[in-house]
Amino acid sequence: MNNQKGVIHLALPLVLLLAIGAGIFALFYFGVIKNPFSNLKLGQAGPKVELKEEYKNPFKKETQYVNPFGNKNPFVTNI
């Protein structure tokens with residue numbers, strides 16, 4: 001047999017992909033499968049988030065974290 005070059009061997013996979021794509025489209029179109037993108041709201045404003053305009057200086061002694069245990073670790077017990 002001679003080794004002939006051609007593109008006809010690509011026809012069957014392309015026809016199968018086209019048939020599968022058409023089948024999936026038909027399932028979505030007729031409502032057999034619910035469209036997962038139907039709940040997306042494109043172009044609408046999202047929820048409003050209020051930003052704090054108050055800034056506390058982390059280097060001020062009054063606004064720093066106070067350790068309730070002092071300098072001791074409560075999980076270490078000396079026997």
(message) Give all pairs with beta carbons closer than 6 Å in which a residue from segment 30-52 that is surrounded by 10 or more Cβ atoms within 10 Å (Cβ to Cβ) meets a residue that is of a type in the set (Phe, Trp, Tyr); count only pairs at least 6 apart in sequence or on separate chains.
(response) Asn35/Phe28
(message) Just to be sure before I move on: is Lys41 within 33 Å of the chain's Cα centre (by Cα) and of a type in the set (Lys, Arg) in the structure I sent?
(response) yes
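Values quoted throughout were computed directly from the atomic coordinates according to the rules given, and no laboratory measurement underlies them. What you see is a predicted model; the values in this text were computed from it and never measured. Quick reminder, even Gly has a Cβ in these numbers, built from the backbone with ideal geometry, and neighbours come from all protein chains shown.
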